[in-house]
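Student: What follows is a structure written as structure tokens; I'll ask about it next.
The values are calculated or read from the model by the stated rules, or taken from the named source; none is laboratory data. Because the structure is a prediction, the values reported are computed rather than measured. Methodologically, a virtual Cβ is constructed for each residue, glycine included, from the backbone with ideal geometry; neighbour enumeration extends over all protein chains shown. All accessible areas refer to the heavy atoms of the entire protein, side chains included, with ligands and DNA or RNA removed. Shrake-Rupley method; radii C 1.70, N 1.55, O 1.52, S 1.80 Å.
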Amino acid sequence: MLILKVIAISLGLTFTLFGYLIHFKKRYGLVNGFEADFRAGRKTESYASQIGLIEFVIGVVISVAAIALIVFE
């Protein structure tokens, strides 16, 4: 059970961090292959921003679930 808690916390924090950096700090280079697709005109900045927001929300949900797992053991 300890391993599940550690994995859940680390996964949640990782998703939250990357989502924050992509969506709020505009580090679109963290999105896999975005720079080349952006130059070619296949993807826009709003696409990368949406990806960042999705990652951020998933990270927050996983983190809250992990905290609930720890509290309500």
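Student: Once you charge only the Cβ atoms, +1 for Lys and Arg and -1 for Asp and Glu, what is the size of the charge dipole of the range 7-58 about its Cα centre, to the nearest 20 debye? Show your work: numbers first, answer last.
Tutor: Working: 6 positive and 4 negative charges, 26 e Å.
Charge dipole, the range 7-58, about its Cα centre: 120 debye, nearest 20.
Student: Roughly what angle does helix 2-23 make with the longest principal axis of the chain, taking Cα atoms, 0 to 90 degrees, to the nearest 10?
Tutor: Orientation of helix 2-23: about 30 degrees from the principal axis.
Student: Step through the residues of the range 30-40 one at a time and calculate ³J(HN,Hα) from phi using the Karplus curve (6.51 cos²θ - 1.76 cosθ + 1.60, θ = phi - 60°), rounding each to whole Hz and writing x for Gly and Pro.
Tutor: These are the phi-based 3J(HN,Hα) values: 6, 7, 4, x, 5, 4, 5, 5, 5, 5, 7 Hz.
Student: Taking the chain as the reference, fit the longest principal axis to its C-alpha atoms, fit the long axis of helix 45-71 to the helix C-alpha atoms, and give the angle between the two in degrees, 0 to 90, nearest 10.
Tutor: The two axes meet at around 0 degrees.
Student: Can I ask one more? If you count only protein heavy atoms with a 1.4 Å probe, what accessible area per residue comes out for the chain, rounded to a whole Å²? Before the final figure, lay out each step's value.
Tutor: Values: 5150 Å² over 73 residues.
That works out to 71 Å² per residue.
Student: Then there is this: Rg and Dmax in Å for the chain, alpha carbons only: what are they?
Tutor: 14.9, 50
Student: OK, next. Below 12 Å, Cα to Cα, which aspartates and glutamates can Lys26 reach? Residues fewer than 8 away in the same chain don't count.
Tutor: Glu45
Student: At 7 Å along the Cα-to-beta-carbon direction for both Glu73 and Arg27, put a label point, then send me their distance in nm to one decimal.
Tutor: For Glu73 paired with Arg27, the spin-label model returns 3.2 nm.
Student: Still on this model: Okay, helix-only estimate at 222 nm for the chain: each DSSP H run of n ≥ 4 adds -39500 (n - 2.57), divide by all residues, round to 500 deg cm²/dmol; what do you get? It would help to have the intermediate numbers written out before the result.
Tutor: Details: 3 runs with 56 residues, N = 73.
Rounded to the nearest 500, it is -26000 deg cm²/dmol.
Student: What nm distance separates the two modelled labels at Glu45 and Val61, each placed 7 Å from Cα along Cα→Cβ?
Tutor: 2.8
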